[in-house]
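What follows is a short report on a single structure.
The values are calculated or read from the model by the stated rules, or taken from the named source; none is laboratory data. Only a predicted model underlies this, so the values are computations on that prediction, with no experimental measurement involved. Here the Cβ positions follow ideal geometry from the backbone for every residue, glycine too, while neighbour counts run over all protein chains shown.
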Amino acid sequence: MKTFSRAFAVSLLAVCSWPVAAVAQVAGSAEPVTAVETVRPAPRGEGWMKRHEQINSRAVPGQVDLVFIGDSITQGWEGAGRATWDKFVGSRKAINVGISGDRTQHVLWRLDNGNVAGISPKVAVVMIGTNNAAANDPAHTAAGIEAIVGKLRDKLPNTKILLLGVFPRGATPADALRRKNAAVNEIIATLDDGRHVFYLDIGPKFLTADGTLEKSIMPDLLHLSPRGYEIWAESMEPKLAELLGGR
């Protein structure tokens, strides 16, 4: 993994003592993961590989301007988010590179094995990390995200990266995994360089004024409802349009 920037390293050290929580629900999987694995590319099982190969078939040279990279929350654009996808990105030569249950290490493996091979999109939207929260402290999760950003910069040097803050989860701000995701966001915000990587945290848009996450937005307090996808698209649209060079 490449060397951390000074700002990133300082932020990482600030939370490196965060205790590793007990295993809890993750988006699409409940399998535990060790901290070191967050930056070590790793594949998963047969069903996952089928989805991976399907994504590879979508990466058609000259036909992709926009990629969405993530876990089940991103894959959900093909389910609860389908109508919103069609409205906001359907005409933008976009492909969905999300797989349910993925953690940072799985995305790293996919990027090394075809998901972006031969394409040069204008923008890559990245939202990953909530599945690492149960077993990893924020510093290690952030390191995995930083590794993904670095790999995208290496493989897609002409692509702008819209790095989204990890979405909130759990009913209230006191939720342990929500707090860990928030700590991850504090670190990865420093990856924004204003030229190639642009950080955007739309998490507050999902919450009420007191920080409550309602089930009308995330029915299981983790995955988005159709309204949740509308909020995602509407909140991201100004920055996405800017990076794409106009709607």
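Filter segment 145-166 down to residues that are buried (at least 24 other Cβ atoms within 10 Å of the Cβ) and either out of contact with any strand residue (DSSP E or B) (no Cβ under 8 Å at 6 or more places or on another chain) or modelled with pLDDT under 95 (or both), then give me how many there are.
Looking only at that region, the number is 1.
List pairs: first residue in segment 151-167 and more than 18 Å from ASP102 (Cβ to Cβ), second residue among the hydroxyl-bearing types (Ser, Thr, Tyr) and surrounded by fewer than 24 Cβ atoms within 10 Å (Cβ to Cβ) anywhere in the structure, Cβ distance under 8 angstrom, at least six positions apart or on different chains.
Sorted first by the residue in segment 151-167, then by its partner, the pairs are LEU156/SER120; ASN158/SER120; THR159/SER120.
Counting only residues that are under 19 Å from TYR229 (Cβ atoms) and either assigned to a loop (DSSP other than H, G, I, E, B) or among the hydroxyl-bearing types (Ser, Thr, Tyr) (or both), how many does segment 157-206 have?
7
I'd like the full set of residues that are in contact with a Leu (Cβ under 8 Å, 6 or more places away or on another chain) and either of a type in the set (D, E, K, R) or at pLDDT below 95 (or both), limited to segment 195-213. Give the derivation first.
Just the residues of segment 195-213 that are in contact with a Leu (Cβ under 8 Å, 6 or more places away or on another chain), to begin with: 197-202, 206-207, 213.
Residue satisfying the conditions is ASP201 alone.
Scanning for something over 23 Å from GLY144 (Cα atoms) and not small (Gly, Ala, Ser), does segment 183-190 turn up at least one residue? Let's see the steps before the verdict.
Taking segment 183-190 first, the residues over 23 Å from GLY144 (Cα atoms) are none.
No; the residues of segment 183-190 include none that is over 23 Å from GLY144 (Cα atoms) and not small (Gly, Ala, Ser).
Let's see how each residue does on (1) modelled with pLDDT of 95 or more; (2) in contact with a Lys or Arg (Cβ under 9 Å, 6 or more places away or on another chain); (3) buried (at least 23 other Cβ atoms within 10 Å of the Cβ):
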{"residue": "LYS87", "(1), (2), (3)": "yes, no, no"}
{"residue": "ARG92", "(1), (2), (3)": "yes, yes, no"}
{"residue": "ASN96", "(1), (2), (3)": "yes, yes, no"}
{"residue": "ILE99", "(1), (2), (3)": "yes, yes, yes"}
{"residue": "ASP102", "(1), (2), (3)": "yes, yes, yes"}
{"residue": "HIS106", "(1), (2), (3)": "yes, yes, yes"}
{"residue": "GLY114", "(1), (2), (3)": "yes, no, no"}
{"residue": "SER120", "(1), (2), (3)": "yes, no, no"}
{"residue": "ALA139", "(1), (2), (3)": "yes, no, no"}
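If we scan segment 216-228, do we find a residue that is within 18 Å of VAL126 (Cα to Cα) and of a type in the set (D, E, K, R)?
No, every residue in segment 216-228 fails to be within 18 Å of VAL126 (Cα to Cα) and of a type in the set (D, E, K, R).
Residues are listed down the side, and each one gets a yes or a no for (1) within 20 Å of GLY76 (Cβ to Cβ); (2) in contact (Cβ under 8 Å) with a residue 12 or more places away in the chain:
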| residue | (1), (2) |
| --- | --- |
| ARG179 | no, no |
| ILE188 | no, yes |
| ASP201 | yes, yes |
| ILE217 | yes, yes |
| LEU221 | yes, yes |
| ILE231 | yes, yes |
| LEU240 | yes, yes |
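Within segment 91-146, which residues are in contact (Cβ under 8 Å) with a residue 60 or more places away in the chain and of a type in the set (Gly, Ala, Ser)?
SER100, GLY101, GLY114, ALA117, ALA133, ALA134, ALA135, ALA139, ALA142, ALA143, GLY144
If a residue has to be more than 16 Å from the chain's Cα centre (by Cα) and under 25 Å from LYS151 (Cβ atoms) to count, how many in segment 191-211 make the cut?
Selection size over segment 191-211: 4.
For segment 209-231, which residues satisfy the criterion of being among the hydroxyl-bearing types (Ser, Thr, Tyr), surrounded by fewer than 19 Cβ atoms within 10 Å (Cβ to Cβ) and within 19 Å of VAL166 (Cβ to Cβ)?
THR212, SER225
Suppose we filter segment 154-178 for residues that are touching a Ser or Thr at 6+ places or on another chain (Cβ under 8 Å) and more than 22 Å from LEU207 (Cβ to Cβ); how many remain?
The qualifying residues number 3.
Would you point out the residue of segment 75-85, among those that are farther than 15 Å from GLN54 by Cα and within 15 Å of the chain's Cα centre (by Cα), that is surrounded by the most Cβ atoms within 10 Å (Cβ to Cβ)?
GLY76
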